[in-house]
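Everything below concerns the one structure shown next.
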Amino acid sequence: RQEQYRSLRDVPAVTRDGVAVALQLNAGLIVDLSHLAETGAQGVGLFRTELQFMVAERMPSAAEQQILYETVFDAVGDLPVTIRTLDIGGDKVLPYMKALEEENPALGWRAIRIGLDRPGLLRMQLRALLKAARGRPLKIMFPMVATVDEFVQAKRIVEREKAHLTRHGYPLPSECRLGVMVEVPSLLFQMDEIAAEADFLSVGSNDLMQFLFAVDRENRQVANRFDPLSAAALRAFRLIAERANAAGTPATVCGEIGGRPLEAMALIGLGFRALSMSPASIGPIKAMVLGIDAGAVAEFLDRELARNRDGASLRPALAAFAEEH
Ligand code: PEP
Ligand code: MG
């Protein structure tokens, strides 16, 4: 198996009916980036910046952050990398930052909410990113966005930082694209607006499933209660892909499901053309992509979703379909 996957390293991920699917890596520490060359991934679809903050003993300074991001850009070379701003709070606490006492931290003061309420921290990170990316393309995305307005506010902060750097004679990135994580269900009802506002979207299926089904992703008692291949979940993913594709806004899935073959097959059938995953998944997912007919998967899912009345999982049906084809 490993040998087979290694031999696929330089084979483009294209389905039997000619649909190209970009396979990218999720990363968070510099060591993760070594997997780029080894897997043949087409860049980093999600760089979780909070990991670096979580392993530090104190808040990294502006200069330290800039060096870190320069190291990331050097490591990826010409490949694209999507950097996510700090996704702290909830289950991700910084040991040196006083944690709030919250009844429901997953629903509490976290991610972009902290960024907008305490813009000093977000500004410092954005400035470090803009400086580190001088002369090269920069892609930034914001976690846990619940309303279009939150993203608009974040964009304004980026614009202000760019203006500040220009005023002080710093070179800017060659282009700066700003995206949104789709992981709070309220965005499903603002899809056209957010797709128009954002340069790209990335579905955080881990959190999206948690909030869609109201199941704590860390609570083993309930975490497996709902299947991401159930009808409601698949309809949610389809809605995101359809609206994003209609707007011409690229949409990736960067949650764990993108790294599982059956789930990834379904996502391609629903219209996604980019998946970001852990390094070990690239080989198996590429092998799956090479073996499927995206059009046939799409037809199969449309038919199954149209007749599903009980919200049950399509996993058995999808597994049978995959077996047959
Ligand atoms: C997600 O929520 O699916 C995601 C990719 O982000 P994280 O797992 O870091 O919350
Ligand atoms: Mg998330």
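The values are calculated or read from the model by the stated rules, or taken from the named source; none is laboratory data. Keep in mind that what you see is a predicted model, and the values were worked out from it rather than measured. Note that each Cβ is placed from the backbone with ideal geometry, even for glycine, and that neighbours are counted across all protein chains shown.
Just so you know, in the range 90-108 the residues that are touching a residue at least 24 places away in the same chain (Cβ under 8 Å), closer than 29 Å to ALA41 by Cβ and within 13 Å of ligand 1 (Cβ to nearest atom) include one that is surrounded by the most Cβ atoms within 10 Å (Cβ to Cβ), and it is LYS92.
Considering only residues in the range 109-125 that are among the small types (Gly, Ala, Ser) and away from ligand 1 (no atom under 14 Å from the Cβ), the one that is nearest to VAL93 (Cα to Cα) turns out to be GLY115.
Residues checked against (1) touching a residue at least 60 places away in the same chain (Cβ under 8 Å); (2) touching a strand residue (DSSP E or B) at 6+ places or on another chain (Cβ under 6 Å):
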{"residue": "ARG167", "(1), (2)": "no, no"}
{"residue": "LEU172", "(1), (2)": "no, no"}
{"residue": "GLU175", "(1), (2)": "no, yes"}
{"residue": "LEU178", "(1), (2)": "no, yes"}
{"residue": "MET181", "(1), (2)": "yes, yes"}
{"residue": "SER186", "(1), (2)": "no, no"}
{"residue": "ALA198", "(1), (2)": "no, yes"}
{"residue": "GLY204", "(1), (2)": "yes, yes"}
{"residue": "LEU208", "(1), (2)": "no, no"}
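In the set LEU23, LEU51, only one residue is within 24 Å of ARG1 (Cβ to Cβ) and outside any loop (DSSP other than H, G, I, E, B); that residue is LEU23. Does the range 118-137 contain any residue that is under 17 Å from the mean Cα position of the chain (by Cα), within 15 Å of ARG48 (Cα to Cα) and surrounded by 16 or more Cβ atoms within 10 Å (Cβ to Cβ)? So far as the range 118-137 goes, no, none of its residues is under 17 Å from the mean Cα position of the chain (by Cα), within 15 Å of ARG48 (Cα to Cα) and surrounded by 16 or more Cβ atoms within 10 Å (Cβ to Cβ).
Restricting the range 1-31 to residues that are in contact with a helix residue (DSSP H, G or I) (Cβ under 7 Å, 6 or more places away or on another chain) and closer than 27 Å to LYS92 by Cβ leaves a set whose member that is farthest from ligand 1 (Cβ to nearest atom) is ILE30.
When GLY258, GLY283 are checked against the criterion of being within 16 Å of ligand 2 (Cβ to nearest atom), part of a helix (DSSP H, G or I) and touching a residue at least 40 places away in the same chain (Cβ under 8 Å), a single residue qualifies: GLY258.
Quick one: is ASP87 surrounded by 22 or more Cβ atoms within 10 Å (Cβ to Cβ), touching a residue at least 12 places away in the same chain (Cβ under 8 Å) and not basic (Lys, Arg)? Considered against the rule, which asks whether it is surrounded by 22 or more Cβ atoms within 10 Å (Cβ to Cβ), touching a residue at least 12 places away in the same chain (Cβ under 8 Å) and not basic (Lys, Arg), ASP87 comes out as yes. Scanning the range 1-20 for residues that are in contact with a Lys or Arg (Cβ under 8 Å, 6 or more places away or on another chain) and part of a loop (DSSP other than H, G, I, E, B) returns LEU8, VAL11, ALA13, VAL19.
Filtering the range 311-325 to residues that are farther than 18 Å from ASN224 by Cα and part of a loop (DSSP other than H, G, I, E, B) leaves only HIS325.
In the range 195-211, what residues are over 16 Å from PHE226 (Cβ atoms), within 16 Å of ligand 2 (Cβ to nearest atom) and either assigned to a helix (DSSP H, G or I) or hydroxyl-bearing (Ser, Thr, Tyr) (or both)? Within the range 195-211, SER202 is the sole residue that qualifies.
For the range 142-152, the criterion of being within 16 Å of ligand 2 (Cβ to nearest atom) and aromatic (Phe, Trp, Tyr) is satisfied by at least one residue. Under 23 Å from ALA232 (Cβ atoms), within 16 Å of ligand 1 (Cβ to nearest atom) and crowded, with 21+ Cβ neighbours inside 10 Å: does that describe LEU208? Judged against the criteria, LEU208 is a match. In this structure, does ALA233 turn out to be within 15 Å of ligand 1 (Cβ to nearest atom), modelled with pLDDT of 95 or more and in contact with a Leu (Cβ under 6 Å, 6 or more places away or on another chain)? So ALA233 does not fit the description; no.
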